1. Using a 1.4 Å probe on the protein heavy atoms, what percent of the accessible area of the stretch 193-255 belongs to carbon and sulfur?
2. What does the extension gain come out to for residue 183 and residue 133, with contour length at 0.36 nm per residue minus their alpha carbon separation?
3. So if each residue of separation counts as 0.36 nm, and I subtract the Cα-Cα distance between residue 62 and residue 99, what length gain in nm does that give?
4. Over the chain, what is the relative contact order in whole percent, taking alpha-carbon pairs under 8 Å and six or more residues apart?
5. Test of understanding: what is the full-extension gain from residue 121 to residue 245, defined as 0.36 nm times their sequence separation minus their Cα-Cα distance?
6. For the chain, what proportion of DSSP beta bridges, expressed in % and rounded to the nearest 5, is antiparallel?
7. In whole Hz, with x marking every Gly and Pro, tabulate ³J(HN,Hα) for the stretch 26-35 from phi via Karplus 6.51 cos²θ - 1.76 cosθ + 1.60, θ = phi - 60°.
8. P(r) of the chain in 10 Å steps, Cα pairs, percent per bin?
Amino acid sequence: MTGQTMVKAEGVHKSYGAAHILRGIDLEVQNGEVFCLVGPSGSGKSTFLRCINHLERVDGGRLSVDGQLVGYREKNGKLYELKDSEVAVQRRDIGMVFQRFNLFPHMTALGNVMEAPIQVKGESKAVARERAERLLDRVGLGDKMGNYPSQLSGGQQQRVAIARALAMEPKLMLFDEPTSALDPELVGDVLDVMRDLAESGMTMIVVTHEMGFAREVGDSLVFMDGGVVVESGNPRDVLGNPQHDRTKAFLSKVL
Ligand SMILES: Nc1ncnc2c1ncn2[C@@H]1O[C@H](COP(=O)(O)OP(=O)(O)OP(=O)(O)O)[C@@H](O)[C@H]1O
Ligand SMILES: [Mg+2]
């Protein structure tokens, strides 16, 4: 059964060698929520997203998605690491969109969106194609399905990347600064797609510097610095009336 909480982090720690990056992250993301994560460069935002879909292993604390521990199984109070194949099964329910679009350069937009359901889920080409066409239509690229990535603008490539993630029918979407590599005039179309996705009820964690988007579309906002959550709440409140000096200092630079 699906619960109310989609992501739960309790005292999550992560180090790279001697560098202690995540220093006890506690947060909860509810089903259907748009959860914005902001903070200075190096504060651990990408690291945390990568832990959620187990591209990185958490070294302390507990992290669960939809009630399941990420990367571990608990038995008699002890944690056991999952096998790679079990991790892969967990990961395919989580869509991730990066700053750089990472499309397959040798495949068309349509091919990019069809690929994972065929390869990972063993879906038939016909079914994958039908869904891919629908998704590309939805992100406003119905007329660009046959274009290769090199024949698309950055904003169009990013919308293909979003459609590609959605093709796996994820229960959670992670966005890591999806618009920060784009020319300013291309940002709006990508944010429109994300807004549409939010309205459809998708649970989304969005690392972003687009405070306008966070204020309008976000249900919650967390300000992270130095690997901890400094402040969190309703985006309008946190952005409009930050309580901590570190939050104020950061916002004075980005707003
Ligand atoms: N694979 C890695 N090995 C060693 N250190 C890493 C690795 N990945 C990230 N780090 C370090 O962890 C810290 C946090 O990085 P992270 O990418 O999570 O920050 P961020 O908040 O996403 O920053 P930005 O806003 O610049 O994207 C940085 O100091 C970075 O150098
Ligand atoms: Mg980052």
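1. 44 percent
2. So the chain would gain 15.4 nm between residue 183 and residue 133.
3. Gain in length upon complete extension: 10.6 nm.
4. Here the relative contact order equals 25 percent.
5. Fully extending the segment from residue 121 to residue 245 adds 39.8 nm.
6. Antiparallel bridges: around 60 percent, rounded to the nearest 5.
7. 10, 6, 9, 10, 7, 4, x, 8, 9, 10
8. The calculated distribution, bin by bin, is 7, 30, 35, 22, 6, 0.
The values are calculated or read from the model by the stated rules, or taken from the named source; none is laboratory data. Predicted model, so just to flag it, every value in this text is computed and none were measured. All Cβ positions, glycine included, derive from the backbone under ideal geometry; neighbour counts span all protein chains shown. Ligands, DNA and RNA are excluded from the accessible area calculation, which covers all protein heavy atoms including side chains. Shrake-Rupley method; radii C 1.70, N 1.55, O 1.52, S 1.80 Å.
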